[in-house]
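Notes to accompany the following structure.
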Ligand code: ZN
């Protein structure tokens with residue numbers, strides 16, 4: 001092995017350990033930590049982040065990375081590690097260390113400020129913190145931006161390399177042109193699907209047990225992963241042998257936990273299937289946020305909401321809840337879990353309206369960062385767009401602008417990845433259907449052909465190959481949102497007999 005790369009790995013071991021410690025604190029904060037822990041935890045995260053910064057941006061690291069940048073004796077994985085570290089370092093180096101630390105502490109504290117503001121429906125109390133976050137984000141993007149790049153493009157690039165405002169503008173325009181009219185047609189026939197059988201009481205303990213079964217059924221390995229409970233379901237991981245997902249249960253809406261656990265398992269399986277030689281390196285996770293989301297959405301929607309998937313599984317759900325479901329047919333159940341209805345909450349949105357929630361956030365972020373939208377005016381902008389695109393209007397900020405955690409974490413530019421993920425999923429799913437009998441596998445009750453295919457084509461590469469390359473390798477073409485539009489149009493035309 002290249003001796004300089006070997007030395008680099010000693011540094012990486014340290015940065016990865018620090019990163020894991022921070023992730024573990026985050027996980028703990030979301031799941032088990034008592035409320036009073038927040039302030040001190042924020043300080044500790046600040047200190048760990050400062051150490052992480054020093055470990056990433058130091059003289060020796062810089063020398064090693066410069067020497068390895070064009071080294072020819074590196075494997076594909078090693079070259080990817082060097083490329084990723086160089087990118088991270090270049091980005092970090094441009095930010096003054098005191099500002100980085102200040103921002104890390106702000107980030108750690110601001111989520112609890114947001115959580116309280118949301119709980120009390122008090123946007124005013126969140127305004128000063130959010131203003132600071134926006135200021136920091138704009139300033140950092142200003143330090144880092146390349147010539148000709150807008151501030152928001154710089155932020156977008158952090159989450160989805162190469163997906164600029166230009167690409168996203170045309171993607172969202174296509175959605176607006178095709179999906180908004182489709183949704184109008186669907187809305188006219190919405191009375192034809194009655195979900196009241198799913199609004200009975202479903203014992204939480206039984207829901208938990210069934211969701212555990214489902215996670216395992218779709219391929220989540222409990223020897224390398226855990227399932228816990230949190231306010232909002234999410235996935236995090238320390239490495240590919242320690243992947244953590246959470247779920248949330250509602251007594252009168254069992255489908256909520258069911259699809260959340262399939263979704264998070266999709267994320268989890270991706271992490272677990274990353275090749276061992278990439279573990280605990282900077283490319284040991286997924287390729288990008290959007291590619292990650294494609295794996296969760298593919299599992300949740302294309303697989304998990306299909307009738308073929310439920311053929312072998314639905315009898316088990318009926319056994320778990322005989323009183324509630326014995327009289328409900330499989331086909332009626334499948335219609336219910338695919339009902340599309342405009343609503344206010346992104347995380348509760350169905351497959352058809354979901355991307356419109358993201359489009360609204362994209363337009364708002366764009367105006368907030370590159371335009372002249374002020375933080376104080378966010379609630380009004382939010383309401384106006386919800387009315388325009390989805391025909392619904394929030395009654396308060398809790399179900400409006402305060403609903404998502406992202407901005408409080410300093411994640412601006414993240415939302416578009418959710419919509420891109422759906423579109424990537426459709427493109428990948430289309431390619432998968434050309435190569436294997438997906439429905440046949442689902443009906444047989446053995447998902448291995450599907451998960452093996454995903455492992456082979458996507459998961460094992462971790463962050464070694466970029467999203468754009470993966471898409472090209474899988475489908476033979478660049479990102480093409482047409483697959484997503486076609487998929488939604490076909491599916492909802494059938495369900496609603498349009
Ligand atoms: Zn997700």
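Output the number of residues of segment 387-417 satisfying the condition of being in a helix (DSSP H, G or I) and crowded, with 21+ Cβ neighbours inside 10 Å.
Summing the residues that are in a helix (DSSP H, G or I) and crowded, with 21+ Cβ neighbours inside 10 Å in segment 387-417 gives 5.
Can you list the strands (runs of 3 or more DSSP E) found entirely within segment 216-280 that contain at least 1 residues being in contact (Cβ under 8 Å) with a residue 24 or more places away in the chain and within 14 Å of the ligand (Cβ to nearest atom)?
235-239, 242-247
Hey, residue 354 hits all of (1) over 17 Å from the mean Cα position of the chain (by Cα); (2) within 16 Å of the ligand (Cβ to nearest atom) but one; which does it fall short on?
Answer for residue 354: the failing condition is (1).
Given the condition away from the ligand (no atom under 16 Å from the Cβ), under 22 Å from residue 362 (Cα atoms), in a helix (DSSP H, G or I) and free of Cβ contacts under 8 Å to residues at least 40 places away in the same chain, answer yes or no: does some residue in segment 425-445 qualify?
The answer is no; no qualifying residue exists.
Within segment 206-226, which residues are at negative phi and touching a helix residue (DSSP H, G or I) at 6+ places or on another chain (Cβ under 6 Å)?
Scanning segment 206-226 gives 206, 207, 210, 211, 214, 215, 218, 220, 221, 224, 225.
Scan segment 9-44 for residues that are under 22 Å from residue 98 (Cβ atoms), buried (at least 16 other Cβ atoms within 10 Å of the Cβ) and at pLDDT below 90 and report the count.
Result for segment 9-44: 1.
Can you confirm whether residue 166 is within 23 Å of residue 370 (Cβ to Cβ), in contact with a helix residue (DSSP H, G or I) (Cβ under 9 Å, 6 or more places away or on another chain) and touching a residue at least 60 places away in the same chain (Cβ under 8 Å)?
No: the conditions fail for residue 166.
So if I check each of 91, 86, which one is more than 17 Å from residue 16 (Cβ to Cβ) and under 30 Å from the mean Cα position of the chain (by Cα)?
Only one candidate passes the filter, namely 91.
Being more than 19 Å from residue 122 (Cβ to Cβ), without any contact (Cβ under 8 Å) to a residue 24 or more places away in the chain and surrounded by 15 or more Cβ atoms within 10 Å (Cβ to Cβ) is the filter here, so list the residues in segment 364-386 that pass it.
Within segment 364-386, 364, 367, 373 qualify.
The values are calculated or read from the model by the stated rules, or taken from the named source; none is laboratory data. Computed from a predicted model, the values in this text were never measured in an experiment. Backbone-built Cβ (ideal geometry, glycine too); neighbour counts: all protein chains shown.
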